[in-house]
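The values are calculated or read from the model by the stated rules, or taken from the named source; none is laboratory data. Values in this document were obtained by computation on a predicted structure and should not be read as measured data. All Cβ positions, even for glycine, are placed from backbone atoms using ideal geometry, and neighbour counts span all protein chains on display.
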Amino acid sequence: MKNNLFYKVFGTYLIITLVAMVTVGVYATRQIKARITERVEGDLTSYARLIDLGFSETEIDQTIQRLSALSNARISVIDAGGVVLADSSGGISGMDNHLNRPEIQEARVRGKGRSVRFSRTLGVDTLYLAFPMGETPEIRGYIRLARPLVEVRQSVRNITILILQSFLIVGALSFLIAFIFTSRLVSPIQEMEQFTKRLRDGEETGSLMIGSSDETGRLARNINYLVAELQEKIRFADEERGKLEAVFSSMEDGILVLDTQDRIETTNDTAERIFAFRPEEVVGRTLLEAFRNIPLQQALDRFKKAGASLSQEITLGEGDLTVLDVTLSPVQGLPPGEEKTMIVLRDVTRLKKLERVRADFVANVTHEIKTPLTAILGFIETLRGGAIDEKETAKGFLETIQRHAERLDRLVDDLLTISDAELGEMSFLFESVSIDGIIENILPVIEPGASQKGIRIEKDLPDNLPPIRGDRDRLHQIVLNVLDNALKFTPEGGAISIRGVDGKDGTVSVTVADTGVGIPKDEIPRLGERFYRVDKTRSRELGGTGLGLSIVKHLITAHDGRMEIDSQVGKGTIVSLIFPVFREDIVA
C-alpha cells in the first residue's frame with residue numbers, strides 16, 4: 001500500500017487539509033480568546049476608573065460592593081504599602097500583603113498592572129488588573145479588579161464546537177473532493193502502469209486510450225508513439241534474427257561466436273554436429289575448455305596477436321579424422337571494448353578424401369592403361385624388328401597384344417559404366433525379376449572356370465522366394481561381378497555357395513560365400529572404391545580392372561539396395577546383396 005501512488009497523493013491531500021484545519025482552529029481559538037479577554041479587560045478598566053473618580057474612604061465598602069455586582073468582578077482597594085483596605089469579598093483581616101503581587105508591581109512601575117493566574121478554587125483562569133489611585137505623582141494606593149475568565153472559557157468552548165462542526169463538514173467535502181481529484185489524477189497513471197507491465201510481459205497491448213489534453217494525455221500519446229516505434233523495431237529485429245538464425249541453421253559451415261573474454265557465446269547446428277556437443281555444454285566456456293583442441297586454441301591466439309583474419313587447417317579426433325578449414329575474423333560494427341570473434345568451421349574431410357581418391361584414380365588409371373600399352377607397344381616394336389617373319393613367334397605376340405587390348409577395352413567399358421552411374425545417365429528398366437532366373441543364366445558363364453579350378457558351386461534358393469524389383473540386365477551384371485570375384489580369389493578345390501533369403505521386411509537377400517583368401521577387416525570399408533585391390537598383383541594376373549565392386553556398389557544403390565561384406569583372412573568372404581521386393585504400385 002505504501003508504494004501505491006493513489007494512497008500517496010490521497011494521503012497528502014488529507015494531511016494538508018487536516019493541517020490547514022488544525023492551524024485555522026488553533027489560530028481562531030487564540031484570536032477569539034484574545035478578543036474576549038481584551039473586552040473584559042476594557043470593561044474592568046472602566047470600572048476601575050469609576051472607583052478612582054468616586055473614591056471616598058467612608059463609602060468605599062458600599063461603592064466596591066455595588067461595582068462588583070455590576071462588573072461581576074472582585075474589587076480590592078490596597079494602600080501604597082500593599083495592605084488591603086477593602087475587598088468586595090469581605091474579610092480583609094486575614095489577607096496577605098499584596099505589594100509583591102505581579103499586577104501591583106507592574107501598576108507601580110507602568111501605571112497599570114495585568115496578570116492572569118489559574119484559580120484552584122474556581123478551576124479557571126482569573127484576570128487581575130491593578131491601577132494606581134489618584135493623579136498625583138505619589139501613589140496613595142491601588143485598585144485591583146479580578147474576574148474569572150469563565151465567559152472566555154465558555155465562549156472558546158462554543159466557538160471550538162462550532163469550528164469542529166464546520167471542520168467535519170469541510171473535512172467530509174475535502175475528503176470527497178480529494179478522492180475524486182486523486183482518482184482522476186492517478187487513474188491515467190495506473191492505466192499507463194498496467195499498459196507498460198503488459199508490454200514488459202510481452203502481452204498484446206493495443207493503445208492507451210486517454211482523452212485528456214493535459215500532461216497525462218500528452219504522455220499517453222507519447223507512450224503510444226514510442227510503443228509503436230518499439231514494436232516496429234522489435235518486429236524488424238525478430239525478422240532479422242529469424243533470418244540470421246535460418247542462415248546459421250542452414251549453413252553447411254559451423255559457426256562459433258566468441259565474446260570479449262574469448263568465451264563461446266553462440267553456435268549453430270553444424271558446429272554442434274562437427275564437435276558432437278549440446279549448446280549448454282559449451283556456451284560460456286573457452287575453446288580449450290570446450291573442445292580440448294590445442295591447434296584451435298593456438299589459431300585463436302595467433303588471430304588475437306595479428307588482429308586480422310586468419311585461416312588454418314586443423315584435424316579432430318583419432319583414427320577416422322575430421323579435417324576442418326578454420327577461419328577466424330572479427331565481428332564488424334561493434335563499439336570499442338565490445339569486440340567479438342567469429343570462427344567459421346568448414347568440414348573439408350570429404351573434400352580431402354575426394355582429393356585423395358582423385359589422385360589415386362589418376363594414378364591407377366595411368367598405371368592400368370600404361371601397363372598394357374607398354375606391352376602392346378613393345379610387342380609391336382619387336383614385330384617390326386623382324387619377328388613378324390617368324391610365324392609362331394608372331395602369332396604368340398599377336399595373342400598377347402590382343403589380350404592386353406581386350407583388357408584395355410574392359411577397362412574403358414567399366415569406366416564408362418561407373419561414369420554413367422555417377423552422372424545419372426544410365427537408364428534402367430525396372431520390372432519384376434526372379435533372382436533364381438538371373439542366377440540360372442549366370443551359372444553357365446562361370447561354371448567352365450569353376451570346373452578348371454575344381455571349385456564346387458552350391459545353390460540354395462527357396463522356391464517361394466519373392467521376385468525383386470530391378471533391371472534384368474543390370475542385375476545380371478551385379479551378380480556376375482560378385483560371382484566372378486569369388487571365382488578369381490577362391491583357390492583350387494574350394495567352394496562357392498549361393499543362397500537366397502526372404503528377409504520378411506520387404507527385401508530379398510542373395511548371399512555369395514566363398515572359401516577364398518579372405519579380406520583383412522581394415523580393408524573392407526575401402527572395397528567399392530575405384531581401382532582398389534586388396535592384392536593388386538594377384539588381381540592383375542587374374543585380369544581384373546579393380547572396378548568390379550565399384551560397379552556393383554553403384555548399380556545396387558540405383559536399385560535401392562545395399563551390399564554387405566564380411567570376411568576372414570584365410571577362411572573366405574561372404575557378400576550379401578539385398579534388394580527390395582517387387583511391388584505393383586512401384587515399377588519405375
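Name every residue in region 187-216 that is more than 35 Å from the chain's Cα centre (by Cα) and either hydrophobic (A, V, I, L, M, F, W, C) or assigned to a helix (DSSP H, G or I) (or both), in order of residue number.
Hit for region 187-216 is GLU215, nothing else.
So, of the residues in region 149-168 that are surrounded by 12 or more Cβ atoms within 10 Å (Cβ to Cβ) and among the polar types (S, T, N, Q), which turns out to be nearest to ASP214 (Cα to Cα)?
It comes out as SER166.
Name the pairs: first residue in region 244-269 and on the phi > 0 side of the Ramachandran plot, second residue in a strand (DSSP E or B), Cβ to Cβ under 8 Å, at least 6 apart or on different chains?
ASP262/THR341
For region 283-336, which positions are in a loop (DSSP other than H, G, I, E, B) and either under 23 Å from the mean Cα position of the chain (by Cα) or hydroxyl-bearing (Ser, Thr, Tyr) (or both)?
If the condition is that a residue be in a loop (DSSP other than H, G, I, E, B) and either under 23 Å from the mean Cα position of the chain (by Cα) or hydroxyl-bearing (Ser, Thr, Tyr) (or both), then VAL283, GLY284, ARG285, THR286, SER309, VAL331, GLN332, GLY333, LEU334, PRO335 are the ones that fit.
Among the numbered criteria (1) surrounded by fewer than 15 Cβ atoms within 10 Å (Cβ to Cβ); (2) modelled with pLDDT under 80, which one does ILE177 miss?
Every condition holds for ILE177 apart from (2).
Hey, can you tell me all the residues within region 526-579 that are in a loop (DSSP other than H, G, I, E, B), of a type in the set (D, E, K, R) and at pLDDT below 75?
GLU529, ARG530, ARG533, ASP535
Is there any pair with a first residue in region 390-412 that is aromatic (Phe, Trp, Tyr) and a second that is assigned to a helix (DSSP H, G or I) whose Cβ atoms are under 8 Å apart and which are 6 or more apart or on different chains, and what are they?
PHE397/PHE379; PHE397/THR382; PHE397/LEU383; PHE397/ALA387
Go through region 473-518 and count every residue that is among the basic types (Lys, Arg), outside any loop (DSSP other than H, G, I, E, B) and at pLDDT below 85.
From region 473-518, those among the basic types (Lys, Arg) are 474, 488, 499, 504; that's our starting set.
Narrowing the set further to residues that are outside any loop (DSSP other than H, G, I, E, B) leaves 474, 488, 499.
Then keep just the ones that are at pLDDT below 85; that gives 474, 488.
Here the count works out to 2.
Within region 180-193, how many residues turn out to be surrounded by 14 or more Cβ atoms within 10 Å (Cβ to Cβ) and over 20 Å from ALA220 (Cβ atoms)?
The number of residues fulfilling the criteria is 0.
Quick check on my filter: what residues within region 268-309 are farther than 15 Å from VAL326 by Cα and of a type in the set (Phe, Trp, Tyr)?
PHE277 - this is the single residue of region 268-309 that is farther than 15 Å from VAL326 by Cα and of a type in the set (Phe, Trp, Tyr).
Go through the residues of region 415-431 one by one and say whether even a single one is surrounded by 16 or more Cβ atoms within 10 Å (Cβ to Cβ) and free of Cβ contacts under 8 Å to residues at least 60 places away in the same chain.
No, region 415-431 has no match at all.
Could you list all residues from region 427-459 that are over 60 Å from the mean Cα position of the chain (by Cα) and among the aliphatic types (A, V, I, L, M)?
Scanning region 427-459 gives ILE438, ILE439, ILE442, LEU443, VAL445, ILE446, ALA450, ILE455, ILE457.
Okay, residues lined up against (1) closer than 23 Å to SER249 by Cα; (2) assigned by TED's automatic domain parsing to the domain that holds ILE401:
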{"position": "VAL282", "(1), (2)": "yes, no"}
{"position": "PRO336", "(1), (2)": "no, no"}
{"position": "ARG358", "(1), (2)": "no, yes"}
{"position": "THR374", "(1), (2)": "no, yes"}
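Quick grid of which residues meet (1) out of contact with any Lys or Arg (no Cβ under 7 Å at 6 or more places or on another chain); (2) of a type in the set (Ser, Thr, Tyr):
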site	(1), (2)
GLY25	yes, no
ALA34	yes, no
VAL40	no, no
THR63	yes, yes
ARG110	yes, no
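Suppose we filter SER183, SER166, SER76 for residues that are among the polar types (S, T, N, Q) and in contact with a His (Cβ under 8 Å, 6 or more places away or on another chain); which single one remains?
SER76
So is SER174 of a type in the set (Gly, Ala, Ser), more than 25 Å from the chain's Cα centre (by Cα) and closer than 22 Å to ASN4 by Cβ or not?
On the way: of a type in the set (Gly, Ala, Ser): yes; more than 25 Å from the chain's Cα centre (by Cα): yes; closer than 22 Å to ASN4 by Cβ: yes.
So SER174 passes the test.
If TYR128 meets every condition in (1) assigned by TED's automatic domain parsing to the domain that holds ILE64; (2) in contact with a helix residue (DSSP H, G or I) (Cβ under 8 Å, 6 or more places away or on another chain); (3) touching a residue at least 40 places away in the same chain (Cβ under 8 Å) apart from one, which number is that one?
(3)
Would you point out the residue of region 194-240, among those that are exposed (fewer than 11 other Cβ atoms within 10 Å of the Cβ) and among the basic types (Lys, Arg), that is farthest from ALA271 (Cα to Cα)?
In this case the residue turns out to be ARG200.
Of all residues being hydroxyl-bearing (Ser, Thr, Tyr) and part of a loop (DSSP other than H, G, I, E, B) in region 72-131, which is farthest from GLN62 (Cα to Cα)? Just the residue, please.
Among residues in region 72-131 that are hydroxyl-bearing (Ser, Thr, Tyr) and part of a loop (DSSP other than H, G, I, E, B), the one farthest from GLN62 (Cα to Cα) is THR121.
Would you point out which residue out of GLY134, GLY171 is within 28 Å of GLY81 (Cβ to Cβ), modelled with pLDDT under 80 and surrounded by fewer than 17 Cβ atoms within 10 Å (Cβ to Cβ)?
The match here is GLY134.
Any residue in region 566-583 that is of a type in the set (A, V, I, L, M, F, W, C) sitting within a Cβ distance under 6 Å of a residue that is modelled with pLDDT of 85 or more and assigned to a loop (DSSP other than H, G, I, E, B)? List the pairs, counting only those 6 or more apart or interchain.
So the pair list comes out as ILE578/GLY561; PHE579/GLY561; VAL581/PRO466; PHE582/PRO467.
Among what's in region 385-411 and is within 18 Å of PRO372 (Cα to Cα) and exposed (fewer than 12 other Cβ atoms within 10 Å of the Cβ), pick the residue that is nearest to the chain's Cα centre (by Cα). Steps first, please.
Residues of region 385-411 that are within 18 Å of PRO372 (Cα to Cα), as a first pass: 394-411.
Okay, now just the ones that are also exposed (fewer than 12 other Cβ atoms within 10 Å of the Cβ), so 395, 399, 402, 409.
Numbers: LYS395: 85, GLU399: 79, GLN402: 75, ASP409: 65 Å.
The extreme case among them is ASP409.
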